[in-house]
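Asks: Below: one structure in structure tokens.
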Amino acid sequence: MADTFYDVMRRQGISRRSFLKFCSLTATSLGLGPAFVPQIVHAMETKPRTPVIWLHGLECTCCTESFIRSAHPLVSDVVLSMISLDYDDTIMAAAGHQAEAILEQTIEKYDGQFVLACEGNPPLNEDGMYCFQGGIPYLEKLKKMADHAAHIIAWGSCASWGCVQAAKPNPTQAVPIHKVLNKPVIKVPGCPPIPEVMTGIVTYLLTFGLPELDRQGRPKMFYSQRIHDKCYRRPHFDAGQFVEKFDDEGARKGYCLYKVGCKGPTTYNACSTTRWNEAVSFPIGSGHGCIGCSEDAFWDKGSFYDRVTDIQPQIESTADRVGGTLAAVTGAAVVAHAAASAIKRARDTKGAKTTEKGGA
């Protein structure tokens, strides 16, 4: 019988108390309430560890770099306890024929049971020869492993959308992985994705199964809100207070970066809530606008510093002016109510007189 998550944790000397704490942190990182903690505990005590095959196509390895820096849950807990990372040519010890043999062994032993995680995309030009691995094109390796996988995850914007490899004129004809596969793909876009988003999705997938996805195939738990919706600079946007240049007074005061190209109002991701570097900051918090790296075709939409939307904020001037406006609106409302009451009384009086005449 295959080891469960809890079996592996106990062999590593992790106490029951620490195990339960890990389950609580996992629920928190997924945005789940305390009621879900017992479900996570039960799953980790009963479900066998899931083999994961992590492939690399055309990419820069930033997704792997992001993943290994996750803090909540710790990537070491995810890799060593929750999953069996059987193949990842970036961080695995094996190489050459020994490494490639693992793929065939996984298919033989875990056909239809393993998770296929894909970082990067396949090029189609020249029969896929622009990305050649272990004697075969990456395109061929990707299709073969996908045919035998239980779930497929597209890590980052390269695998999800194509990213800079697919930028015009796209000489290698690079495409996102869902364009060449006949199975559903869980898309986790971003350049790279947030570490805790990556480990959170793996945790949820192995604990509860397939997460709820939006119409583009992204997990709703992390991609259902715009960065703009939870951005700490949002009040400045609503007040019409903007950075006009990166070295102006507005920049020093932390005003909204929309006018210098921030794509937060049109980008769906968890950057403004989950944040980066153990929740310390995110690009907007560091004074740079969001470039929309988790959205399709962000690389071909012009300069990152151009305002590309027509979203209109509510402009405030001063507290006195706002107070005066509210007083005027309130006064107008009182006058309107008084007028309406007078008209109603006149109608009621006229109706009563008509009734009296009819009765006479």
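Quick note: the coordinates plus some simple rules give every number you see, no bench work behind them. Values in this document were obtained by computation on a predicted structure and should not be read as measured data. All Cβ positions, glycine included, derive from the backbone under ideal geometry; neighbour counts span all protein chains shown.
Asks: To one decimal place, what orientation-averaged projected area in nm² is obtained for the convex hull of the Cα set of region 182-235?
Replies: Average of the hull's projected areas for region 182-235 equals 4.8 nm².
Asks: Could you pull out every residue, at least 5 positions away or on a different chain, whose amide H is within less than 5 Å of the one on LEU58? Hs are placed 1.01 Å off N in the peptide plane, and Pro or chain starts have none.
Replies: Amide H neighbours of LEU58, under 5 Å, 5+ apart: ASN121.
Asks: When a footprinting reagent is the concern and you count Cβ atoms within 10 Å, what order do LYS141, LYS259, LYS21 take, fewest first? Mind dumping the intermediate values first?
Replies: Numbers: LYS141 23, LYS259 16, LYS21 12.
Listing LYS141, LYS259, LYS21 from fewest to most nearby Cβ atoms yields LYS21, LYS259, LYS141.
Asks: May I pose another question? Can you check what the net charge comes to around ARG252, using other residues whose Cβ is under 14 Å from the Cβ of ARG252 (Lys, Arg +1; Asp, Glu -1)?
Replies: On the way: positive: ARG233, LYS245, LYS253; negative: GLU244, ASP247, ASP248, GLU249.
Local charge sum for ARG252: -1.
Asks: Residue by residue, what Karplus-based ³J(HN,Hα) values in Hz, rounded to whole numbers, does region 171-176 have, using 6.51, -1.76 and 1.60 with θ = phi - 60° and x for Gly and Pro?
Replies: Each residue of region 171-176 in turn: x, 8, 6, 6, 9, x Hz.
Asks: What list of ³J(HN,Hα) values in whole Hz, one per residue of region 44-54 in order, does the Karplus curve 6.51 cos²θ - 1.76 cosθ + 1.60 (θ = phi - 60°) give from phi, with Gly and Pro shown as x?
Replies: With coefficients 6.51, -1.76 and 1.60, one gets 6, 7, 10, 7, x, 4, 9, x, 10, 10, 10 Hz.
Asks: Amide H neighbours of GLY261 under 5 Å, counting only residues 5+ apart in sequence or on other chains, H built in-plane at 1.01 Å?
Replies: Excluding prolines and chain starts, which carry no amide H, the hits are ARG307.
Asks: Taking the alpha carbon gyration tensor of region 140-290, what are the square roots of 5 times its eigenvalues, largest first, to the nearest whole Å?
Replies: On the way: eigenvalues 223, 69, 27 Å².
Values for region 140-290, descending: 33, 19, 12 Å.
Asks: Given the pairs LYS220/LYS301; LYS245/LYS301; LYS168/LYS253; LYS144/LYS301; LYS230/LYS259, which are separated by over 28 angstrom at their Cα positions?
Replies: LYS168/LYS253; LYS144/LYS301
Asks: Something else about it: Could you pull out every residue, at least 5 positions away or on a different chain, whose amide H is within less than 5 Å of the one on LYS187? Hs are placed 1.01 Å off N in the peptide plane, and Pro or chain starts have none.
Replies: When sequence neighbours closer than 5 places are left aside, the close amide H contacts are ALA154, ARG218.
Asks: Add +1 for every Lys or Arg and -1 for every Asp or Glu among the other residues with Cβ under 14 Å from the Cβ of GLY162, and state the total. Write out the running numbers ahead of the final one.
Replies: Values: positive: LYS168, LYS179, LYS187, LYS301; negative: GLU59, GLU119, GLU295, ASP296, ASP300.
Once positives and negatives cancel, what remains is -1.
Asks: If you add up the charges near PRO48, with Lys and Arg at +1 and Asp and Glu at -1, over every other residue whose beta carbon is less than 13 angstrom from its beta carbon, what do you get?
Replies: 0
Asks: Write down the radius of gyration of region 227-300 and its Dmax, each obtained from C-alpha positions, in Å.
Replies: For region 227-300, the Cα radius of gyration and maximum Cα-Cα distance read 11.8, 33 Å.
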